[in-house]
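What follows is one structure encoded as structure tokens, with my remarks underneath.
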Amino acid sequence: MLLPILALLMVGPQAETEHIGFASGFVILWRTHALSGPSHPGVERAFLLVHGTNRNAEDYYRWALASTMAASETAKTIVIVPHFKSRGGGDSVEVGELEWSGGGWASGELAISGRTTSYDVIDQVLELLNSTERFPDLKEVVVAGHSAGGQFVQRYAAVNRMEARMHVPVRYVAANPSSYLYLNELRLQLGATCSENGQCSGRFVRYWDASNCTTYNQYRYGLEKRTGYAAGTSEESILSLYPRRSVTYLVGALDTRTDDSSLDRSCRAIAQGPNRKERGLIYYNYMKTQFNAVHRLEIAPGCGHSAVCVFAGPAGVKAVFGK
């Protein structure tokens with residue numbers, strides 16, 4: 001299986017894109033099956049992968065296909081990768097195409113047009129997948145993301161209002177995000193660590209440096225002062241629903257660098273741990289101990305901060321496809 005996957009990464013299949021429209025504009029998706037086209041019998045799973053901070057959607061499309069091929073699930077899976085563009089980040093934006101300023105797309109903020117959030121885009125994709133006429137055999141939807149896309153997915157899993165309207169289960173896979181959305185003011189004690197086996201060397205307490213990092217519990221890092229799509233979801237709903245949702249934290253075993261230029265090193269992120277691996281282990285344990293969450297943790301051996309490594313490798317295939 002390795003050689004076909006490597007060939008796919010180097011050459012890639014013929015790219016397929018589709019526009020999905022909103023009152024304020026449209027967003028481009030890379031996908032294997034038309035969301036607005038004819039019926040697709042035999043498609044049992046939707047694998048929606050959100051790109052990282054570089055917004056390289058075509059690369060993520062290929063990597064999602066590589067993961068699907070590694071799972072031997074290409075015939076039964078629709079692969080979807082939305083492209084959240086930013087002209088300020090160097091993207092070419094078509095007339096009428098939605099775009100976001102900075103990294104606001106990663107936390108469900110409004111597009112520059114001011115009428116559509118990035119999380120509304122995922123809601124709309126799920127709405128299209130929810131059609132029993134178009135996808136009569138669909139059994140589940142997996143919403144996944146890596147790095148900034150991992151932040152996107154973890155927060156979307158916590159605040160979205162779409163899952164309750166779906167006729168099939170929705171699962172979420174957040175891979176290697178720089179930070180997480182905490183549900184209260186607690187953070188792990190200074191100097192303590194957590195393991196993948198569900199044990200921590202310290203307790204979760206009010207952040208020790210809260211007086212110097214006064215925004216540590218504000219959105220995107222906590223529930224205070226939520227903005228964008230998240231502002232429309234009540235705290236009570238988040239606290240009730242998120243711990244019960246099917247969420248997997250996918251962590252690269254080697255994603256431990258603290259000098260990575262893309263690593264969030266703000267005081268709000270440092271409150272969550274020193275690097276991405278530690279932040280993932282801590283957050284998983286936080287959700288288990290503080291909220292009795294049903295969430296899962298998968299460690300990707302040999303992987304650093306690499307989307308293709310974590311998703312096309314055994315840990316990612318297990319997280320997405322259950323294999």
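Here are some conditions: (1) surrounded by 20 or more Cβ atoms within 10 Å (Cβ to Cβ); (2) free of Cβ contacts under 8 Å to residues at least 40 places away in the same chain; (3) of a type in the set (A, V, I, L, M). Ala312 meets all but one. Which one does it not meet?
Just one mismatch for Ala312, condition (2).
With the requirement that a residue be farther than 18 Å from Ala23 by Cα and surrounded by fewer than 22 Cβ atoms within 10 Å (Cβ to Cβ), what does segment 84-111 give you?
Within segment 84-111, Ser86, Arg87, Gly88, Gly89, Gly90, Asp91, Ser92, Ser101, Gly102, Gly103, Gly104 meet the criteria.
Taking Asn285, is it assigned to a loop (DSSP other than H, G, I, E, B), at pLDDT 95 or above and of a type outside the set (D, E, K, R)?
no
Please go through segment 247-265 and give me each residue that is of a type in the set (Gly, Ala, Ser) and without any contact (Cβ under 8 Å) to a residue 24 or more places away in the chain, ordered by number.
Correct list: Ser261 only.
Can you tell me which residue is surrounded by the fewest Cβ atoms within 10 Å (Cβ to Cβ) among those in segment 112-154 that are acidic (Asp, Glu) and part of a loop (DSSP other than H, G, I, E, B)?
Glu133
State whether one or more residues within segment 165-188 are exposed (fewer than 14 other Cβ atoms within 10 Å of the Cβ), assigned to a helix (DSSP H, G or I) and touching a residue at least 24 places away in the same chain (Cβ under 8 Å).
Yes, there is a match, as at least one residue in segment 165-188 is exposed (fewer than 14 other Cβ atoms within 10 Å of the Cβ), assigned to a helix (DSSP H, G or I) and touching a residue at least 24 places away in the same chain (Cβ under 8 Å).
Spot the failing condition for Trp63; the list is (1) more than 22 Å from Ser178 (Cα to Cα); (2) surrounded by 23 or more Cβ atoms within 10 Å (Cβ to Cβ), and only one is missed.
(1)
Residues of segment 217-265 being touching a Gly at 6+ places or on another chain (Cβ under 8 Å), assigned to a loop (DSSP other than H, G, I, E, B) and crowded, with 19+ Cβ neighbours inside 10 Å, which ones?
If the condition is that a residue be touching a Gly at 6+ places or on another chain (Cβ under 8 Å), assigned to a loop (DSSP other than H, G, I, E, B) and crowded, with 19+ Cβ neighbours inside 10 Å, then Asp255 is the only one that fits.
Could we say that Ile80 is within 25 Å of Tyr180 (Cβ to Cβ), surrounded by 16 or more Cβ atoms within 10 Å (Cβ to Cβ) and touching a Leu at 6+ places or on another chain (Cβ under 6 Å) here?
Criteria met by Ile80.
Could you tell me whether segment 266-277 includes any residue that is under 30 Å from Asp123 (Cβ atoms), touching a strand residue (DSSP E or B) at 6+ places or on another chain (Cβ under 6 Å), buried (at least 18 other Cβ atoms within 10 Å of the Cβ) and charged (D, E, K, R)?
Within segment 266-277, not a single residue is under 30 Å from Asp123 (Cβ atoms), touching a strand residue (DSSP E or B) at 6+ places or on another chain (Cβ under 6 Å), buried (at least 18 other Cβ atoms within 10 Å of the Cβ) and charged (D, E, K, R).
Hand me the list of strands (runs of 3 or more DSSP E) wholly inside segment 1-96 holding 3 or more residues that are closer than 19 Å to Val153 by Cα and at pLDDT 95 or above.
25-31, 45-50, 77-83
The values are calculated or read from the model by the stated rules, or taken from the named source; none is laboratory data. Keep in mind the model is a prediction, meaning the values are calculated, not measured. Cβ: placed from backbone, ideal geometry, glycine included. Neighbour counts: every protein chain shown.
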